[in-house]
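Shown next, in structure tokens, is the structure this report addresses.
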């Protein structure tokens, strides 16, 4: 299967998880492209828009996995801008994951996944899996492994 993993990663944490997920999916025999959404300058929480530099296309992928950090209890403005500019996700299945520093899903994790899910569904996608990784937890490694197992389970 041709799968795209598309992430915005400010500090590298989200990209690290995506890289590990890519390796697992490749071991299962899938064709995987890991692409980063990049922006000009810096994006701060509350910015209304950012200028995207790298805008990964999704048309060629059978399924897509989107990853983003949580910023200020919400979806990072860079990933929000990227997802909103995608013309359609009609007929695609997507999975979503977020990384965050604060513990507890209610400190932005659930909201961010909800924002991502709404944008994707509004563009015609079906949403398979959703995962939150709490970066500062002692159990981070176990959480990453669980996330990767869940995101790759239906492939």
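Quick look at the numbers
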read-out	value
Elements of type strands (runs of 3 or more DSSP E) in the stretch 50-147, at least 3 residues being touching a helix residue (DSSP H, G or I) at 6+ places or on another chain (Cβ under 9 Å) and modelled with pLDDT of 95 or more	63-71, 93-100, 126-134
Selected residue [under 21 Å from residue 23 (Cβ atoms) and over 17 Å from the mean Cα position of the chain (by Cα)] from 137, 142	142
Qualifying residue in the stretch 32-44 (condition: assigned to a loop (DSSP other than H, G, I, E, B) and modelled with pLDDT of 95 or more)	yes
Single residue of the stretch 115-138 satisfying the filter (in contact with a strand residue (DSSP E or B) (Cβ under 9 Å, 6 or more places away or on another chain) and surrounded by fewer than 15 Cβ atoms within 10 Å (Cβ to Cβ)) that is farthest from residue 62 (Cα to Cα)	136
Residues of the stretch 57-68 that turn out to be surrounded by 13 or more Cβ atoms within 10 Å (Cβ to Cβ) and over 20 Å from residue 113 (Cα atoms), as a count	2
Neighbours by Cβ (under 7 Å, 6+ apart or cross-chain): first from the stretch 97-112, within 14 Å of residue 68 (Cβ to Cβ); second modelled with pLDDT under 90 and surrounded by fewer than 16 Cβ atoms within 10 Å (Cβ to Cβ)	101/136; 108/73; 108/102; 111/73
Only one of 17, 24 that is touching a residue at least 40 places away in the same chain (Cβ under 8 Å), farther than 23 Å from residue 124 by Cβ and surrounded by fewer than 22 Cβ atoms within 10 Å (Cβ to Cβ)	24
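The values are calculated or read from the model by the stated rules, or taken from the named source; none is laboratory data. Since this is a predicted model, take the numbers as computed values, not measurements. When we count neighbours, we look across all protein chains shown, and the Cβ atoms used for this are built from the backbone with ideal geometry, even at glycine.
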